[in-house]
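Encoded as structure tokens, the structure appears first; notes follow it.
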């Protein structure tokens with residue numbers, strides 16, 4: 001297949017591109033290389049295979065540029081991973097998040113429809129569950145409230161995807177990713193940020209008492225589930241959780257990083273932040289059954305792999 005990966009120079013996108021190339025697919029990357037974090041990190045992410053892919057520097061908010069890519073190239077499938085990410089920044093810049101994540105997704109779906117792309121995978125997020133009282137989170141829950149503009153843009157993206165699937169018989173799979181980590185993880189995310197600061201002897205900010213819990217999912221497991229979604233032959237529109245289905249307390253994550261680095265963290269305790277979810281936990285039984293999703297990397301194994309990569313990349 002010839003597959004377009006939006007956000008293909010990012011953390012998850014670059015890993016997906018590598019795996020698709022390894023399987024013999026043709027890969028095209030669309031990325032705007034914005035300055036949310038150092039663009040050189042994105043260039044480094046794809047440096048090992050840049051010569052094997054076509055790369056389009058395009059902002060999804062620019063509908064004409066998106067359309068031009070689709071009219072110049074023919075795609076069998078799209079893996080839409082591009083987004084403005086992060087809960088806290090979305091509270092500061094809600095319009096930017098809405099323009100990129102909602103309007104940008106609309107531009108992509110419309111271009112896919114007009115050019116006859118039949119398969120579309122959308123990277124959603126566990127943020128759509130908000131402060132759900134039903135644990136673990138399952139795909140058939142009724143979602144009534146998100147806690148951040150970021151979460152709201154992701155549920156809006158899911159609804160746009162379901163609409164285009166219904167109107168134009170496009171096969172769409174929405175994947176709700178649960179806190180992905182591993183080599184190349186974005187520098188703003190907790191595991192990477194904590195590791196960098198503890199390694200440098202700097203203090204880390206701990207919001208709340210350390211009891212918040214996350215379902216941390218290793219990148220290789222996420223890629224396995226995403227690859228399966230690209231081959232999915234079930235209903236024209238479907239949603240899957242991709243997580244580890246095991247939660248880790250923030251204070252235990254910090255302890256694990258301390259142990260892996262052999263250094264003690266200096267902790268700056270701060271109040272809980274608006275928009276942060278108190279807990280994320282995925283019910284992955286549907287993905288196991290219908291996608292053959294099979295996460296195998298526990299945090300006790302994945303965290304040392306990440307830290308090994310981090311130390312090697314310094």
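Since every read-out is calculated from the coordinates, none of them should be taken as a lab result. Please read all numbers here as calculations on a predicted model, not as lab measurements. For neighbour counting, all protein chains shown are included, and Cβ atoms are generated from backbone atoms with ideal geometry for every residue, glycine included.
Observations on the model:
- Distance from the C-alpha centroid of the range 250-314 to that of the range 35-97: 25 Å, rounded to the whole angstrom.
- Paired Rg and Dmax values of the chain, which use every Cα atom, in angstrom: 18.7, 56
- Rounded to 10°, Cα long-axis angle of helix 250-261 versus longest principal axis of the chain: 80 degrees
- Taking the average, over residues, of other Cβ atoms within 10 Å as the packing measure, peptides 72-82, 191-201 rank 72-82, 191-201 from highest down.
- Packing-based ranking, highest mean first, of 264-272, 118-126, 20-28, 85-93 given that Cβ atoms within 10 Å are counted: 118-126, 85-93, 20-28, 264-272
- Cα-based helix-to-principal-axis angle, 190-199 vs the chain, degrees rounded to 10: 40 degrees
- In the chain, the longest principal axis of the Cα atoms and the axis of helix 11-22 are about 60 degrees apart.
- Pairs of Cα atoms farther than 13 Å apart, the range 157-197, %: 62 percent
- Averaging Cα coordinates gives a centre for the range 182-243 and one for the range 107-138; these two points are 17 Å apart.
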